[in-house]
Structures are given as structure tokens and as C-alpha cells.
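Structure first, then comments.
The values are calculated or read from the model by the stated rules, or taken from the named source; none is laboratory data. Treat the numbers as computed from the prediction; the structure is a model and nothing was measured. Because the Cβ atoms are built from the backbone with ideal geometry, glycine has one as well, and the counts that use them run over all protein chains shown.
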Amino acid sequence: MRTHQLVQSWLEEQLAAGHLAVGDRLPGERMVAEQLGISRASAREGIRVLEAMGIVRAGVGSGPGAGTVITANPGAALGAALRLHMATSHLPIEDIVQTRLLLETWAAAHARPAAPAMENAAALLEAMESSAPDEKEFLRLDALFHVALADAAGNVLIGAMMSSLRESIEGYTLRLTRTLPDWAATSARLRAEHRDIHNAIRNDDGALAAKMVANHIEGFYKEAGFSGA
């Protein structure tokens, strides 16, 4: 077993036993090394891998924010891995579109009208509608809006997967957007569809919201010239 796997297994055991919890600080490198019978350099490497995975957050200096704290950011590692696989073309865009449809229609169907994330979604709609953002800024707000809808469904894993997926295809989506013949018309249509989806969820009509989301996703890719949608 590699060193970082030893550190990961040790942390899993500590969490499962209740000795550590989210928000707690990890013991120092020396203590981790002694408990596992490894060098401090190896313990440091293992902790850095945990940080890259979004499991811990390293603080510097002294005071309340210092030390390595156990956190919960499952989207961090997922997003990084997906971006790399997109760059190597090991994730066909057809699969990305189908995964978006599966995740986002489920989320829309199960989103709770009174969930706090719906207020966040409403604020993002206002940001998209109150100005004329360029393609990159619009897509950033668009991604956050769709992630907010996923969060409103209350499934933490679906939310993390959605956030990671949207982050990983940001560059590809931007390139698709720049092939559109009339961005102003497309962005106006997308904003209207966002508002309709949001209203359907607010009215507790998950079936309608899911259907609208499917049409919304497929319509964008088809308009951008992607025939696999």
C-alpha cells in the first residue's frame, strides 16, 4: 500500500471511530508519522494528497485558522479528475451530455421549492437578467444556477457530481458557445428557460421542471451543432 493510502486509511478509521470529525484539526505530521510507522516526509505527502482530494484544508501561521482541518469538499477531486480526462479526450462529449441529462432531470424533479438553494438560484437569475454578461460570465452564472437546482434536491453527492461536471466542461462549453450564430438571441432564450424551470420548481411541479431541463440541455447542444444531443 502506498504512503498516501496508509494516511487515507488511517483517517477513515479515525472518522469511523468518532475520534475525528469534520472541522477537527489533524494531529501534526510527527504524530501521524509515529502512529503509522512512516517518516514525517511520507506523512506530509499523504496529507497533501488528502488536501488535493478536498478532504482536508491546510492553514498557515498560528491562530484559529492554522493547522490542517478536516473539511468536506468532494467536488474538488472529482472536478480535477474530470478536467484531466476531458483534456485527454477519454470522456466523449456524448457521455457528458447524457450524464448531464440524467443528473439534472433527476435534480429538477426532486428539487424542493422551499430549499435555501432556490433563493441562490433566484439571485443568479437576477444577475443573468439584470446585465448583459459576455459568454464566459454567462456560462459561469449558468453553471452556478444548475448546481443550485441540484443542491435544492438535497442530495449531497448529486450536488458534488454536478458541480464537478459543470466545472470540467467549462472550456468545452465556451468553445461551443462561440460557434453560435446569434449569441444575443441564444442567451435571451436560455434566460427565459431558466426562469421557466425555476418557476416550475417553485410551483412544486417537478415533472414539468425535469422535462424543461431536458429540453433546455438538448436544445443548447443542438443549436451549437452537436448532433449527439
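Restricting attention to region 219-229, and to residues there that are assigned to a helix (DSSP H, G or I) and buried (at least 16 other Cβ atoms within 10 Å of the Cβ), which single residue is farthest from the chain's Cα centre (by Cα)?
Among those residues, the one meeting the criterion is Glu223.
Please determine, by comparing only the residues of region 123-136 that are modelled with pLDDT under 90 and closer than 15 Å to Trp183 by Cα, which one is surrounded by the most Cβ atoms within 10 Å (Cβ to Cβ).
Glu135
Regarding Asp151, is this residue surrounded by 20 or more Cβ atoms within 10 Å (Cβ to Cβ), in contact (Cβ under 8 Å) with a residue 24 or more places away in the chain and touching a Gly at 6+ places or on another chain (Cβ under 7 Å)?
Judged against the criteria, Asp151 is a match.
Pairs needed: first member in region 33-53, of a type in the set (Ser, Thr, Tyr); second member anywhere, part of a helix (DSSP H, G or I); C-beta distance under 9 Å; at least 6 residues apart or different chains.
Partner pairs satisfying both residue conditions: Ser39/Thr3; Ser39/Ala33; Ser42/Thr3; Ser42/His4; Ser42/Leu6; Ser42/Val7; Ser42/Ala33; Ser42/Leu36.
I'm trying to understand the selection: among the residues of region 44-56, which are at negative phi and either among the aromatic types (Phe, Trp, Tyr) or out of contact with any Lys or Arg (no Cβ under 8 Å at 6 or more places or on another chain) (or both)?
Once the filter is applied, which keeps residues that are at negative phi and either among the aromatic types (Phe, Trp, Tyr) or out of contact with any Lys or Arg (no Cβ under 8 Å at 6 or more places or on another chain) (or both), region 44-56 yields Arg44, Glu45, Gly46, Ile47, Arg48, Val49, Leu50, Ala52, Met53, Ile55, Val56.
Failed condition for Gly23, given (1) closer than 18 Å to Gly67 by Cα; (2) at pLDDT 90 or above, with all others met?
All conditions are met except number (2).
Could you say whether any residue in region 159-167 is touching a Phe, Trp or Tyr at 6+ places or on another chain (Cβ under 8 Å), surrounded by 18 or more Cβ atoms within 10 Å (Cβ to Cβ) and either free of Cβ contacts under 8 Å to residues at least 40 places away in the same chain or under 24 Å from Ile96 (Cα atoms) (or both)?
No: zero hits.
Do we have Ala192 as of a type outside the set (D, E, K, R), in the same structural domain as Ile93 (by TED's automatic domain parsing) and surrounded by fewer than 14 Cβ atoms within 10 Å (Cβ to Cβ) here?
So Ala192 passes the test.
Check whether at least one residue in region 40-47 is closer than 12 Å to Val69 by Cα and surrounded by 15 or more Cβ atoms within 10 Å (Cβ to Cβ), and report yes or no.
yes
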